[in-house]
1. Within region 77-95, can you find the residues that are in contact with a strand residue (DSSP E or B) (Cβ under 9 Å, 6 or more places away or on another chain) and surrounded by fewer than 20 Cβ atoms within 10 Å (Cβ to Cβ)?
2. Looking at region 14-44, which of its residues are under 16 Å from residue 75 (Cα atoms) and surrounded by 15 or more Cβ atoms within 10 Å (Cβ to Cβ)?
3. Quick one: would you say residue 60 is touching a strand residue (DSSP E or B) at 6+ places or on another chain (Cβ under 9 Å), more than 22 Å from residue 6 (Cβ to Cβ), surrounded by 13 or more Cβ atoms within 10 Å (Cβ to Cβ) and at pLDDT 95 or above?
4. Only residues in region 123-148 that are in the same structural domain as residue 10 (by TED's automatic domain parsing) count as the first member; pair them with residues that are in a helix (DSSP H, G or I), Cβ under 7 angstrom, at least 6 apart or cross-chain, and list the lot.
5. Residues of region 88-106 being in contact (Cβ under 8 Å) with a residue 24 or more places away in the chain and not in a helix (DSSP H, G or I), which ones?
């Protein structure tokens, strides 16, 4: 929200080749409470001054030598850092008002000046201008927050993957259709799954050597989208030696609670001797 202090601290540039008009506008604005008012009688200086000071409002006379007001507005439009054209034109020509608005001016003030009209139009345009700047700054802030949050999430995901690879003998991820998208270790053999070279198709097969009851219980949990922690599985290798594995897994959901897949880890457990 804007307050009176924001408006009266706005920076204003008066551009008019008549010293009497400049003096009158400076007096009116000062008496109204505006504290950052400057002026120039040289229209060729306007663009350089605006690039340097980024005025919140430019009061621009249209009848100027060297560069008239329309030429000044065209030149101001080349400022890519601020596409908003903060201009109120000053004109005694009724026919110039529509042309000025079509050229990008935000409003006009008729000459000779009506002081009530001057103060009202300036205040109205400044309020819109400052709200535009606040919105622009807010969008920049949101964009920065999104970038920072995205970087944090990527860093967190990288740490998670690193830890799982260090803490587990295997790791896997599945999408919402049960297709494996990332696999390391013997998990596919454990589950009796075969996939093609691109891991886009999966087919249930025989789980050679695995405890049938335990494997069925594990598959049931995965099918029901249930998490599991330290689930024990026994396996007999080709020499009939028993191996023990401990597996953990959890379903994955997006921000709208939609199921997007599964991931899990497993380690081989060795008995202490």
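1. Filtering region 77-95 for residues in contact with a strand residue (DSSP E or B) (Cβ under 9 Å, 6 or more places away or on another chain) gives 85-92, 94.
Listed by number, the residues that qualify are 85, 92, 94.
2. Kept after step one, since they are under 16 Å from residue 75 (Cα atoms), are these residues of region 14-44: 15, 42-44.
15, 43 - these are the residues of region 14-44 that are under 16 Å from residue 75 (Cα atoms) and surrounded by 15 or more Cβ atoms within 10 Å (Cβ to Cβ).
3. Details: touching a strand residue (DSSP E or B) at 6+ places or on another chain (Cβ under 9 Å): yes; more than 22 Å from residue 6 (Cβ to Cβ): yes; surrounded by 13 or more Cβ atoms within 10 Å (Cβ to Cβ): yes; at pLDDT 95 or above: yes.
So residue 60 fits the description; yes.
4. Listed pairs, sorted by first residue: 123/7; 126/7; 127/7; 130/6; 130/7.
5. Going through region 88-106, the residues in contact (Cβ under 8 Å) with a residue 24 or more places away in the chain turn out to be 88-93, 96, 99-100, 103-105.
Hits for region 88-106 are 88, 89, 90, 91, 92, 93, 103, 104, 105.
The values are calculated or read from the model by the stated rules, or taken from the named source; none is laboratory data. All values derive from a computational prediction rather than experimental measurement. All Cβ positions, even for glycine, are placed from backbone atoms using ideal geometry, and neighbour counts span all protein chains on display.
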